[in-house]
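Where a number appears in this text, it was derived from the coordinates with a stated rule and is not lab data. Bear in mind that the values here come from a model prediction, so they are computed numbers and not experimental data. Counting neighbours? That spans all protein chains shown, and the Cβs are built from the backbone with ideal geometry, glycine included.
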Amino acid sequence: MKSKHMAPKRNYINTKYRTQNPYIDANNLPIRHIKSTSINPRIKSRKLNSRKNNRNLQKKRKINKKKVRLLIIILLIILIAIIHNVKKDKKIKPVSAIGNLEIENANINNSNLELEANSSIPEIDSKTTDWNLILVNRYNPLPDDYEFELTSIETSHKADSRVAESITKMLEDARSEGLKPLLCSSYRSIDTQTKLYNNKVKEYKKEGLSDKEAKEKASFWVAIPGTSEHHTGLAFDIVSMDYQVLDEKQEETDVQKWLMENCSNYGFILRYPTNKKKITNINYEPWHYRYVGIENAKFIEKKGFCLEEYIEYLKQFE
Ligand SMILES: [Zn+2]
């Protein structure tokens, strides 16, 4: 009876274990036993391998993460650098933009000036070919075919007949003001000019200068024959009777003061002003007056031109 009774009890325990004991598997064997006996060594190694792989993967992931971080940092640095450069460019741009604007404005201004000069009507109705605007200087000798009539003035002098009246009137009016003007030079032929020039060259040669040096220095005081304005019969040297020296002090005489102020009323200009030496290539001569006509003289006076500058001004409209 006992044996019969005990048997089901075991079974009961067994069945109980089958379902509830976690240490017994479906074959009614303890799990530890199953593990040690049922797993193939290959599988075990695979598992070990997979663990290793996992570790490797984790390592790789870690390395990749590091790489990604590094990349992000590098990209950020590049981005910051780019932004910095853009800011720099922006800082520079306004300066260059101003520069460009200035250049553009300058161009516009220049073109405006050109337009003004080309499109506007000249303020004066004169031509560079007008007889009273003939330009004779170092670079523009008197043309060989230049013809005009001479009229005697002030007893021993000659002038272009067209200006004889004007020069005479100016001298008379100065005298009527109580002044003592003296006409010392007027029309001069090329022959006379040659004599004057050669004499000056001789003077410098006596001082020990070479022929070339003497001619160069002489030409600064006496125009090379053919290039003197006195050949035109339109130029006159007037000094004060009280100071008959051709130097800068001539400008201090009452005669010169009056002439400089009034000459334009008679159609004359002071031909070689002190501030135009570089253009005229002639030293300051506060005694040399040139006839250009009243309108031209007034315009030249107003603009502060010398004759060379006035000719250039008129050329714009021709
Ligand atoms: Zn002169």
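List the GluC sites (Glu not before Pro) within region 157-199 that fall in a DSSP loop (any state other than H, G, I, E or B) and whose Cβ has at most 13 other Cβ atoms within 10 Å.
Answer by residue number: GLU177.
So for MET260, MET241, fewest C-beta neighbours within 10 Å to most, what's the order?
Starting with the residue having the fewest Cβ neighbours, the order is MET241, MET260.
Relative contact order for region 139-198: what is it in percent, counting Cα pairs under 8 Å that are at least 6 residues apart?
25
Filter the cross-link list LYS180/LYS277; LYS215/LYS276; LYS249/LYS277; LYS195/LYS217; LYS158/LYS195; LYS195/LYS249 down to pairs whose alpha-carbon distance in this structure exceeds 20 Å.
LYS180/LYS277; LYS215/LYS276; LYS195/LYS249
What does the charge count around ILE167 come to, taking other residues whose C-beta lies under 15 Å from its C-beta (Lys +1, Arg +1, Asp -1, Glu -1)?
Cβ neighbours under 15 Å give a net charge of -1.
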